[in-house]
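All remarks here apply to the structure that follows.
Nothing in this text is a laboratory measurement; each read-out follows from the coordinates by a stated rule. The structure displayed is predicted, hence computed values, not measured ones. Counting neighbours? That spans all protein chains shown, and the Cβs are built from the backbone with ideal geometry, glycine included.
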């Protein structure tokens, strides 16, 4: 498989036809796609005036899109290097037990899905690099009470996401799956009970589709997975998430 930089060079290669350059841009998303492949592609198309289904976009549109993607990738690589250095120091100091942050990084290493958007058409509007700067600043700063990207307090727990983990806190404003280590215990508890939704009627929150959860044994231990009483409230999810900060 060609690497990201090799594919980026093909996007810039004027000797290739537009369709080949477009294909190379899409293949770049196999290596780096902060919102997931489909949502990141939709974001780049909207930002740079391309139709998602246009096989022959203009060269200037393709160049602008790859430049935005490369800028965001540099931001993420700087953060990952900083995180790796910190973990090395912690291990030298005897801190070897993996933390929830370590587990999150294991799933997102390389930058794929670091701000996963379940709905491909619903994602932050800002440049990817700006979004990732806000996200990484929040991760470095410690847990907060709202979305680290848009600062909205409207964070609601969702189940059955097309992502690993398959459940988690989703920002109802900008659409990202918020990294649980970036949220305080209070924000996580509010998300689990639907308190992050202004109407008090959260969509797809923990418990709404719990009837079939027993058939997904492999995921039953995930944060937020638990039995539910008749009111649809979780018994153990809040404690499981609280343990993330232990």
Looking at segment 120-202 from every direction and averaging, what is the projected area of its Cα convex hull in nm²?
5.3
Spatial extent of segment 1-141: Rg and Dmax, with the Cα atoms as the point set, Å:
16.6, 55
Rh (Kirkwood, all Cα-Cα pairs) for segment 136-178, Å, reads 10.7
Estimated inter-spin distance, residue 107 and residue 47, nm [label 7 Å along Cα→Cβ]:
2.4
What the Cα atoms of segment 97-167 span along the principal axes, largest first and in whole Å, is 37, 29, 25
Please order 97, 88 by the number of other Cβ within 10 Å, starting at the fewest.
97, 88
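What FRET efficiency, computed as 1/(1 + (r/R0)^6) with R0 = 30 Å and r the Cβ-Cβ distance, is obtained for residue 125 and residue 81, rounded to the nearest 0.05? Walk me through the numbers on the way to the answer.
Details: r = 28 Å, r/R0 = 0.93.
Here the calculated transfer efficiency is 0.60.
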Which distance in nm do the two modelled labels at residue 161 and residue 88 give, with both placed 7 Å along the Cα-to-Cβ direction?
3.0
If you rank 176, 66 by fewest surrounding Cβ atoms within 10 Å, what's the result?
66, 176
